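The values are calculated or read from the model by the stated rules, or taken from the named source; none is laboratory data. Only a predicted model underlies this, so the values are computations on that prediction, with no experimental measurement involved. Ideal geometry is used to build each Cβ from the backbone, glycine not excepted, and the neighbour counts take in all protein chains shown.
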Amino acid sequence: MTGPLLQVRNLTKRFHTPAGTVHAVEDVSFDIPRGSIMGLVGESGSGKTTLGRALLRLIQPTSGQIRFDGTDIAALGAEEMRQMRRRMQIIFQDPMSSLNPRLKVGDLIAEGLRAFGIGSRTDRRDRVAALLEEVGLSADHMNRWPHAFSGGQRQRIGIARALALEPEFIVADESVSALDVSIQAQVLNLLLELRDRRNLTMLFIAHDLSVVNYLCDRVAVLYLGRMMEIGPTDRVHRASAHPYTRALTSAIPQPDPRAARNRQLLQGDIPSPLAPPSGCVFRTRCPHAAPGCEAGAPQARTISAHHQSYCKRTEELYGH
Amino acid sequence: MTGHREAMRTPGDTILSVEGLSVGFGRGTARVAALRDVSFTLGRGRTLALVGESGSGKSVTSLALMGLLPPSGRILSGRLDFRTPDGRVTDLARLDGAGFRALRGPGISMIFQEPMSSLNPLFTIGDQIGEMLLLHQDLRAAERRRRVIEMLELVEIPGAAARVDAYPHELSGGMRQRVMIAMGLICRPALLIADEPTTALDVTIQAQILDLMRRLQKELGMSILFITHDMGVVAEMADDVAVMYAGAVVEQAGVLDLFDRTRHPYTRGLLASIPREGLGPDDRLVPIPGSVPPLSALPPGCAFAPRCPHARPACREPVSLEPKAPGHLSACIFDFAGEAA
Ligand SMILES: Nc1ncnc2c1ncn2[C@@H]1O[C@H](COP(=O)(O)OP(=O)(O)OP(=O)(O)O)[C@@H](O)[C@H]1O
Ligand SMILES: Nc1ncnc2c1ncn2[C@@H]1O[C@H](COP(=O)(O)OP(=O)(O)O)[C@@H](O)[C@H]1O
Ligand code: SF4
Ligand code: SF4
Ligand SMILES: [Mg+2]
Ligand SMILES: [Mg+2]
């Protein structure tokens with residue numbers, strides 16, 4: 001099968017709350033090619049988690065399409081969706097806090113296999129042992145309790161658990177954010193190995209742009225639920241065509257005391273998602289905002305292959 | 001910038017000198033040593049970054065300095081010599097409650113990682129900042145309020161005259177951290193201890209706060225002990241750096257020296273683990289294998305040995321932090337001088 005594994009079109013998710021309607025994700029479209037890692041970045045509250053969960057239909061999208069391997073999963077019935085879930089998994093920031101503390105590591109990893117009635121008891125044991133080895137742990141860890149593991153080891157257990165059903169697609173939501181850098185590097189390298197060995201497709205959600213630049217093939221930048229820019233990592237990182245991406249990139253502290261700091265400090269905070277600004281939602285903080293930015297949401301402008309910016313002034317500012 | 005980073009230091013210019021600090025939690029055989037023989041010095045007007053991974057002892061160090069260790073924690077040994085604004089040297093390890101109360105504020109003050117948990121939700125920010133003044137200066141209410149508003153303006157809170165009456169929950173995370181900084185600075189402390197002041201913030205807000213702290217330090221001429229786990233923040237803020245691992249300082253140097261001539265294998269491993277500019281698409285990070293052992297199960301000798309690529313039997317003997325070059329200390333039996341990291 002060729003073509004992107006995931007095609008998302010005009011995805012919108014709004015939450016209706018007593019305070020008003022939260023525009024968590026608005027009109028977002030993108031593809032994720034098979035065997036590649038798409039990074040999703042943005043400040044907190046920009047809609048990353050909501051988007052990731054909507055892709056797996058852990059929450060119901062308000063509107064839009066999500067085609068997984070050609071099938072629109074937004075329209076699937078319960079049993080069809082259950083079967084589809086085998087093919088898509090999620091890894092959380094701390095997998096253990098969301099799992100049953102009374103199960104041993106082996107049972108946690110085998111839970112999905114059991115739920116789908118896959119293999120005999122011994123088959124499942126062998127499978128768990130192989131998975132533990134694959135994520136850099138050892139087979140005899142299966143008889144231990146999860147709380148006895150360090151943060152990095154727990155993240156490996158979470159990955160083994162997500163891999164058990166041999167999914168094609170994984171959403172990793174802030175999966176390395178709580179880890180110390182020396183451990184974070186171990187887990188990032190493991191994810192790269194898995195992508196290559198298993199041809200895994202991944203949505204990697206993170207607020208740390210330097211981690212995303214290291215790991216991901218493509219990056220999508222969200223702000224207040226809207227897409228700002230999307231493209232191959234190298235293009236978005238080094239030849240960004242959007243003022244928000246540029247500000248985000250320049251805000252990363254570089255581990256180099258001689259690095260020149262020509263930083264574009266963004267003023268103020270993200271506005272409330274209850275009342276996002278009209279037109280371009282970034283305009284209240286954008287150093288290049290002009291009167292035309294107030295009317296109508298910016299449309300995608302194609303910069304180069306697979307590289308799009310949602311800024312009305314892209315041509316003027318960056319010569320595209 | 002580089003000029004003041006490389007400024008010469010004389011002993012009289014030292015505002016804080018920590019020597020051989022050990023802290024234990026619990027009693028008897030259940031006692032674990034959270035800090036083992038920690039030493040570092042902070043020059044007046046400079047910023048010393050205390051950097052290390054989770055559990056390395058950064059916060060315990062700052063709590064010991066502030067006299068705020070929990071009841072289960074005890075200073076087992078060590079000197080914490082602080083030069084007060086009037087030039088006297090006080091050993092904080094021997095200070096009692098009253099001594100600390102007099103010192104906190106104009107002498108040393110601290111800002112914490114999580115602004116929400118250190119601000120009282122029931123009082124306005126103006127009351128809470130003013131409270132700090134009340135403890136140390138006999139001012140009339142109107143004068144206190146004026147000073148508080150002035151402080152809020154200094155930390156660039158827009159509409160300070162109105163915001164002074166706001167409650168913490170009415171402010172964004174970045175604004176709350178500015179309020180914490182205002183509280184820390186209102187008594188013009190000689191030494192500011194900042195424990196991960198930007199870790200909970202988005203990078204765009206972090207950039208604003210770091211920028212603000214750099215400018216305030218220049219304006220007020222204070223010394224800063226800046227605690228962080230982020231080598232990027234270290235590179236940006238520090239004049240000097242002390243690297244901690246498993247309750248001990250393993251390396252201390254000026255910031256340029258630390259990055260250019262990294263000497264300790266742990267610091268080298270840390271730097272090789274960080275995604276940074278200039279990595280090509282096929283370049284891989286080099287992680288440190290394994291993880292930090294629990295404090296109750298540290299190996300004898302060098303605590304980093306189980307993860308160190310250079311470890312050998314001699315590393316099981318005690319190692320201490322020693323000068324390997326002028327101003328550059330490392331706790332390793334080897335001296336990896338000047339090699340590329
Ligand atoms: N109240 C306490 N009782 C027992 N042990 C403690 C206590 N406070 C801290 N410790 C231990 O002391 C060690 C150092 O903790 P500390 O909080 O200083 O780490 P840190 O370097 O600040 O880490 P982080 O980056 O996670 O904030 C840890 O092993 C911790 O578990
Ligand atoms: N269940 C919910 N009800 C109401 N608002 C929500 C809910 N979940 C998320 N939101 C809001 O949607 C926006 C996007 O949130 P989220 O997707 O968690 O962002 P991120 O993961 O980028 O930090 C935020 O304003 C958040 O408060
Ligand atoms: S559309 Fe206008 S406000 Fe939005 S990013 Fe572009 S220049 Fe800035
Ligand atoms: S003393 Fe030995 S184990 Fe410790 S850092 Fe040096 S070489 Fe490595
Ligand atoms: Mg999230
Ligand atoms: Mg701490």
Of residues in the range B:98-130 being among the hydroxyl-bearing types (Ser, Thr, Tyr) and outside any helix (DSSP H, G or I), the one nearest to B:Ile224 (Cα to Cα): B:Ser109
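Somewhere in the range A:235-250, is a residue of a type in the set (Val, Ile, Thr) and more than 13 Å from chain B (Cβ to nearest Cβ)? Steps first, answer last, please.
Let us first name the residues in the range A:235-250 that are of a type in the set (Val, Ile, Thr), namely A:236, A:245, A:249.
When the remaining residues are screened for being more than 13 Å from chain B (Cβ to nearest Cβ), the result is A:236.
The answer is yes, given that some residue of the range A:235-250 is of a type in the set (Val, Ile, Thr) and more than 13 Å from chain B (Cβ to nearest Cβ).
In contact with a helix residue (DSSP H, G or I) (Cβ under 9 Å, 6 or more places away or on another chain), within 14 Å of chain B (Cβ to nearest Cβ) and more than 16 Å from ligand 6 (Cβ to nearest atom): is that true of A:Cys286 in this structure?
Details: in contact with a helix residue (DSSP H, G or I) (Cβ under 9 Å, 6 or more places away or on another chain): yes; within 14 Å of chain B (Cβ to nearest Cβ): yes; more than 16 Å from ligand 6 (Cβ to nearest atom): yes.
When the stated conditions are applied, A:Cys286 passes them.
Residue by residue through the range B:304-331, note down the ones that are within 14 Å of chain A (Cβ to nearest Cβ) and either under 27 Å from the mean Cα position of the chain (by Cα) or free of Cβ contacts under 8 Å to residues at least 24 places away in the same chain (or both). I'd like the intermediate steps shown before the answer.
To start, the set of residues in the range B:304-331 that are within 14 Å of chain A (Cβ to nearest Cβ) comprises B:304, B:306-309.
Hits for the range B:304-331 are B:Phe304, B:Pro306, B:Arg307, B:Cys308.
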Options B:Val203, B:Val148; residue that is surrounded by 15 or more Cβ atoms within 10 Å (Cβ to Cβ), within 14 Å of chain A (Cβ to nearest Cβ) and at negative phi: B:Val203
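From the set of residues in the range A:167-187 that are surrounded by fewer than 22 Cβ atoms within 10 Å (Cβ to Cβ) and either farther than 23 Å from A:Gln7 by Cα or more than 14 Å from every other protein chain (Cβ to nearest Cβ) (or both), which is farthest from ligand 6 (Cβ to nearest atom)?
If we filter the range A:167-187 for residues that are surrounded by fewer than 22 Cβ atoms within 10 Å (Cβ to Cβ), which is where we start, we get A:167-169, A:173-174, A:177-178.
Pick out the ones that are also either farther than 23 Å from A:Gln7 by Cα or more than 14 Å from every other protein chain (Cβ to nearest Cβ) (or both) and you get A:167-169, A:173, A:177-178.
Working: A:Pro167: 36, A:Glu168: 40, A:Phe169: 36, A:Asp173: 24, A:Ser177: 16, A:Ala178: 13 Å.
Of everything passing the filter in the range A:167-187, A:Glu168 is farthest from ligand 6 (Cβ to nearest atom).
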Some residue of the range B:131-149 being of a type in the set (A, V, I, L, M), in a strand (DSSP E or B) and at pLDDT below 95: no
Among (1) surrounded by fewer than 24 Cβ atoms within 10 Å (Cβ to Cβ); (2) under 20 Å from B:Met175 (Cα atoms); (3) within 13 Å of chain A (Cβ to nearest Cβ), the one test that B:Asp195 misses: (3)
The range B:48-71: number of residues that are farther than 19 Å from B:Leu270 by Cβ and crowded, with 24+ Cβ neighbours inside 10 Å: 1
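Return yes when A:Gly3 is more than 16 Å from the chain's Cα centre (by Cα) and touching a residue at least 12 places away in the same chain (Cβ under 8 Å) and no when it is not. Can you show your working first?
On the way: more than 16 Å from the chain's Cα centre (by Cα): yes; touching a residue at least 12 places away in the same chain (Cβ under 8 Å): yes.
Yes: the conditions hold for A:Gly3.
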